[in-house]
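The values are calculated or read from the model by the stated rules, or taken from the named source; none is laboratory data. Only a predicted model underlies this, so the values are computations on that prediction, with no experimental measurement involved. Here Cβ is always computed from backbone atoms with ideal geometry, including for glycine, and neighbour counts include all displayed protein chains.
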2 protein chains.
Amino acid sequence: MVTLKDVAEASGVSVSTASAVMRGLDIVKPDTTRKVRNAAKKLHYHANISARSLRSGRSNIFTLIVPDLENQYYAELSNCLSNELLAQHKQLIIQVSQYDKDKEIEQVRSLNASMSDGLFICSTNNSGADIKSVAGDYPVIMFDDMSAATEARYDSVETPSQAGMTAMIRHLCLEHDRKRVGIVGTLVEDPSNRISYTLRHNRCNFAHQALMECGYDRPNTFITCDWDHNSGIAIAHHLAEEGMPYDALCCMNDDLALGVMRGLAECGIVVPDQVAVTGYDGITSGSYTSPTLTTIAVDFKGMAQTATELMQQKILHKDASTRTSMPRRIIVGFQLLRRESTCRSRPEANR
Amino acid sequence: MVTLKDVAEASGVSVSTASAVMRGLDIVKPDTTRKVRNAAKKLHYHANISARSLRSGRSNIFTLIVPDLENQYYAELSNCLSNELLAQHKQLIIQVSQYDKDKEIEQVRSLNASMSDGLFICSTNNSGADIKSVAGDYPVIMFDDMSAATEARYDSVETPSQAGMTAMIRHLCLEHDRKRVGIVGTLVEDPSNRISYTLRHNRCNFAHQALMECGYDRPNTFITCDWDHNSGIAIAHHLAEEGMPYDALCCMNDDLALGVMRGLAECGIVVPDQVAVTGYDGITSGSYTSPTLTTIAVDFKGMAQTATELMQQKILHKDASTRTSMPRRIIVGFQLLRRESTCRSRPEANR
DNA sequence: TTTGTTTTTATTAACGATGTAAACATGGAT
DNA sequence: ATCCATGTTTACATCGTTAATAAAAACAAA
């Protein structure tokens, strides 16, 4: 392997000088700088990250913990974050927690000793406080921190549940005049599950609130189930047996919505003619089905960018902000994708 | 941060003894071992990976380069590999090459200086020889090495194109008696694209060969297009306009097949009644559509396991095998998922 | 007790980059 | 010529771990 010493020798300077050049300190004569740069390029020099990290505590490697990469929501977020970091010559370690709360905490704990500069996390049900208790002053940015306000400890980048759900409900009620809207994915009672509780609770409530603002006040708008594909299939069958008492099903995420559409298809119920279906997230699969899924496309790229910016800030003035200021929650943008599961239009139009 | 020195002091031994214990060398008295272990646990000691890596050249961190994580094939493979490694207390850095050949080579080159112990790669069109030229003796395992035989340089874990395609064609021709089978996804002429050429070429040829073995010898079985969703949509429209001269479309991967199904739906052609459609890969989306997609489910977990085993071997006897033996190609298992896109059966049966 | 042998622990020098303090030039001003 | 100020460069200690070697302790046999 080619080390800084090799570069230094090749360009006739000391290791310290070479190091200064590589770090971009402008305390070196332009002439020397050029010599060193050339030698480095010629030798294909790349700084040894272990050594740098050991000495300076800075590795330019970050860690992302997600519950699962098979879930397209996390896969797309990971993809964007990796790209964003790579563009800044940073690397990303991706760890999969498999929705295991304790495993996740253990992963966070071992981070202190790893060479990673900071943690991005889509937590599986650990609150900011839980994570803080093992991460200490380690730099952390959360995605969709679902902690209750009192348990938030870190800056977080959030999906626009309120604005998104409002737009979606308006789309259904105002643009398409749906009269019997069901909100699919309200809370399954599980008191131990207090984090997930918060996000679900919020998103459902926003949907309900938007419904009321549209002058809608029927009871039984809430349909209780988990936020996954199989739950969607089951709910669809269940509702079909009841004679489908809704003309629109506003699902709390895409995975669930695709399950619902699948289930409806199995029961011979036509979307959107008999019932409209909507999702939330904007994962790719939603454009693969027939009909394609109307959904809220979350700005994944924006989430990744915002998160890296927050991380940068956190690392730069480490001591200053950490203790004093409240954790921030930054909500990213979204786009309402009007597709076939709500619009009876020509299929080619809205792909 | 808590260091080995802290552990040593807490347990009243020297740093080297503590190190020996942590590394599991059994040259330490059981009594001493116990003391050190307890202290380490009590202090939540985790070895500093930078230091270990710097000194010993072993970090237990590996790198995976994939073209893209939005592509479910790569996402699921990444997921499995991450899990497999994590179970062995190893970590995985995932880099996304964005299908950029040169970027990928640059990523490989900078690996020498990184703290990573080895590379797993789903290459974007770089041959084994290309990678070898920048990676040197760095340990590399390839997924689906598409190099021509003369350019293979590394052990590779491969998707079972031949067995899978044979099973699929038999499923179509023998089980379902389809008479006009189209092989969708044969080569788009692109001489610069010599790697991708090989895999595509092979998979198509295996399909064709299987067709012939089923006593099938019509001309015009090959339908030329790229292996992605949009190509599938386009091809479907094109074939529909020609009056759909096939009763089965054997697509070279799932992404393409899902596009074809989508396109057929847009044209009002019913699958599988008018034409059967099959995929290859076994990505999750294939069970989200209606009809669900008949496909070859590649054993992702097996791929990940095999790859880590090969990596382990490569690292253990680094000098011995590297030069002497030929690169191995290990082909993993698969499962033919008979689903609705070929079987007219009750939809509930084959989810 | 002495000697030899084995087991266990301690000392010390790396690994490669960084950052501080010190050394070395260079050029004016005294 | 001497001194100081400024601008560049270098020597060296350091980060936490490992591994080779040296030292010490334990034990057995003479």
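Results, tabulated for the structure shown:
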{"quantity": "Any hit, the range A:103-111, residues being in contact with a Pro (Cβ under 9 Å, 6 or more places away or on another chain) and either among the acidic types (Asp, Glu) or within 13 Å of chain B (Cβ to nearest Cβ) (or both)", "calculated": "yes"}
{"quantity": "Qualifying positions in the range A:112-129 - assigned to a helix (DSSP H, G or I) and within 12 Å of chain B (Cβ to nearest Cβ)", "calculated": "A:Asn112, A:Ala113"}
{"quantity": "Hey, B:Lys103 more than 10 Å from DNA strand C (Cβ to nearest atom) and part of a helix (DSSP H, G or I) or not", "calculated": "yes"}
{"quantity": "Criterion: buried (at least 18 other Cβ atoms within 10 Å of the Cβ) and not β-branched (Val, Ile, Thr) - qualifying residue of A:Ala135, A:Ala129, A:Ala149, A:Ala167", "calculated": "A:Ala135"}
{"quantity": "Top-ranked residue of the range B:63-78 - restricted to ones that are without any contact (Cβ under 8 Å) to a residue 60 or more places away in the chain and of a type in the set (S, T, N, Q), ranked as nearest to the other protein chains (Cβ to nearest Cβ)", "calculated": "B:Ser78"}
{"quantity": "Residue that is nearest to the chain's Cα centre (by Cα) [pool: residues in the range A:258-294 that are at negative phi and charged (D, E, K, R)]", "calculated": "A:Arg262"}
{"quantity": "Answer residue from the range A:37-56, given it is more than 9 Å from chain B (Cβ to nearest Cβ) and either part of a strand (DSSP E or B) or within 16 Å of DNA strand D (Cβ to nearest atom) (or both) and is nearest to A:Ile93 (Cα to Cα) among those", "calculated": "A:Ser56"}
{"quantity": "Residue check for B:Arg34: out of contact with any Asp or Glu (no Cβ under 6 Å at 6 or more places or on another chain) and within 12 Å of DNA strand D (Cβ to nearest atom)", "calculated": "no"}
{"quantity": "Enumerated helices (runs of 4 or more DSSP H) restricted to the range A:201-319, each holding at least 1 residues that are assigned by TED's automatic domain parsing to the domain that holds A:Asn125", "calculated": "A:300-316"}
{"quantity": "Residue under evaluation A:Gln88, criteria (1) more than 9 Å from chain B (Cβ to nearest Cβ); (2) crowded, with 18+ Cβ neighbours inside 10 Å; (3) of a type in the set (S, T, N, Q), criterion not met", "calculated": "(2)"}
{"quantity": "From B:Ala207, B:Ala240, B:Ala265, B:Ala257, residue being within 14 Å of chain A (Cβ to nearest Cβ) and closer than 27 Å to B:Pro160 by Cβ", "calculated": "B:Ala257"}
{"quantity": "Matching residues in the range A:15-26 - criterion: being out of contact with any helix residue (DSSP H, G or I) (no Cβ under 6 Å at 6 or more places or on another chain) and of a type in the set (Val, Ile, Thr)", "calculated": "A:Thr17"}
{"quantity": "Out of B:Leu54, B:Leu43, sole residue that is closer than 26 Å to A:Gln107 by Cβ and away from DNA strand C (no atom under 16 Å from the Cβ)", "calculated": "B:Leu43"}
{"quantity": "Of the criteria (1) surrounded by fewer than 24 Cβ atoms within 10 Å (Cβ to Cβ); (2) closer than 25 Å to B:Gln162 by Cβ; (3) acidic (Asp, Glu), which one B:Asp281 fails", "calculated": "(1)"}
{"quantity": "Within the range B:57-80, tally of residues that are of a type in the set (Phe, Trp, Tyr) and outside any strand (DSSP E or B)", "calculated": "2"}
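One line per residue, one yes/no per condition, for (1) within 13 Å of DNA strand C (Cβ to nearest atom); (2) loosely packed, with under 14 Cβ neighbours inside 10 Å; (3) free of Cβ contacts under 8 Å to residues at least 12 places away in the same chain; (4) under 41 Å from the mean Cα position of the chain (by Cα):
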residue	(1), (2), (3), (4)
B:Thr3	yes, no, no, yes
B:Asp6	no, no, no, no
B:Val15	yes, no, yes, no
B:Val21	yes, no, no, yes
B:Leu25	yes, yes, yes, yes
B:Lys35	yes, no, no, no
B:Ile61	no, no, no, yes
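Conditions tested, residue by residue: (1) farther than 18 Å from A:Thr294 by Cβ; (2) among the hydrophobic types (A, V, I, L, M, F, W, C).
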| position | (1), (2) |
| --- | --- |
| A:Ala207 | no, yes |
| A:Cys214 | no, yes |
| A:Asp228 | yes, no |
| A:Gly232 | no, no |
